Amino acid sequence: MLNAIVIDDEQYAREELIELLHETKQIRVIQQAENAIEGLQLINKLKPDIIFLDIQMPQITGIKMLSMLNPDNMPKVVFSTAYDQYALQAFEENAFDYLLKPIDPVRLQKTVDRLVKSTTPQNYTGIEHKQLAQVPCTGHNRILIIATEDIEFAYSGLSGVYINTGQQETTSQLTLKVLEEKTPLIRCHRQYLVNLKAIKEIQLLDNSLAEIVTTSGKTLPVSRRYLKLLKQSFGIV
């Protein structure tokens, strides 16, 4: 039996789809979410086989959310929406299937049968290279949408991944790997990414180590492994 998460901002639509999936006896719905932020948290935590994803949701649409997933361990994605005009875009984003609301049980069963039979991993190359213009973050009982160009650096800590703009710091459900692949941030340390445009100074230390001073005055570590690459980014041999 395959594990699934249902993500839809309409409670009635979520409950109806969950009931239909339960009736197939082939899909186990392990959790549900009412927005993309909750959905990202659950996907990173539970690693489902499939997500059933609404497209029209507040702040972050299903299409945008899809581009925020890590392509290395991405679940199969089945879009469910009341709007058929998004079908082409959904399949361009390598969606597994596209269901129109209200969900037809016969049509859903065909999708489920295909999901169960499918053993070939989906090719998400098209998604992998798409760049994020914004990063969703959480803080103080609200969702913050931060432009990637405004980020000075990001780092992993005890509570997850932190995003720092120089003026504020908040957390994101995106991993450092996703941020490295899909934003202008580059790796300077195993736990740190930095925006090249935010670097004010690189201080060379002993033992081939270094530190970065950002435009806001923050100090970031630079490991030996990434110092050479960092220098090359500025044309320094």
Look at Ile37 and say whether it is of a type in the set (A, V, I, L, M, F, W, C), within 15 Å of the chain's Cα centre (by Cα) and either modelled with pLDDT under 85 or open to solvent by less than 40 Å² (accessible area, probe 1.4 Å) (or both). yes
Filtering region 72-85 down to residues that are outside any loop (DSSP other than H, G, I, E, B) and open to solvent by less than 20 Å² (accessible area, probe 1.4 Å), which residue is farthest from Ile27 (Cα to Cα)? Thr81
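Got a sec? Which of Ile55, Ile43 is under 16 Å from the mean Cα position of the chain (by Cα), surrounded by 22 or more Cβ atoms within 10 Å (Cβ to Cβ), closer than 26 Å to Ile146 by Cβ and modelled with pLDDT under 90?
Ile55
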Please state which of the following conditions Leu227 fails to meet, knowing it meets all the rest: (1) aliphatic (A, V, I, L, M); (2) surrounded by fewer than 16 Cβ atoms within 10 Å (Cβ to Cβ); (3) assigned to a helix (DSSP H, G or I). (2)
Residue check: is Thr219 modelled with pLDDT of 90 or more and open to solvent by less than 40 Å² (accessible area, probe 1.4 Å)? no
So the strands (runs of 3 or more DSSP E) completely within region 123-198 holding 2 or more residues that are modelled with pLDDT under 90 and hydrophobic (A, V, I, L, M, F, W, C) are 134-139, 142-147
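The values are calculated or read from the model by the stated rules, or taken from the named source; none is laboratory data. No experiment lies behind these values; they were computed from the predicted model shown. Cβ coordinates were reconstructed from backbone atoms using ideal geometry, including for glycine residues, and neighbour counts include every protein chain displayed. Note: accessible area is taken over every heavy atom of the protein model, side chains too, but ligands, DNA and RNA are not part of it. Shrake-Rupley method; radii C 1.70, N 1.55, O 1.52, S 1.80 Å.
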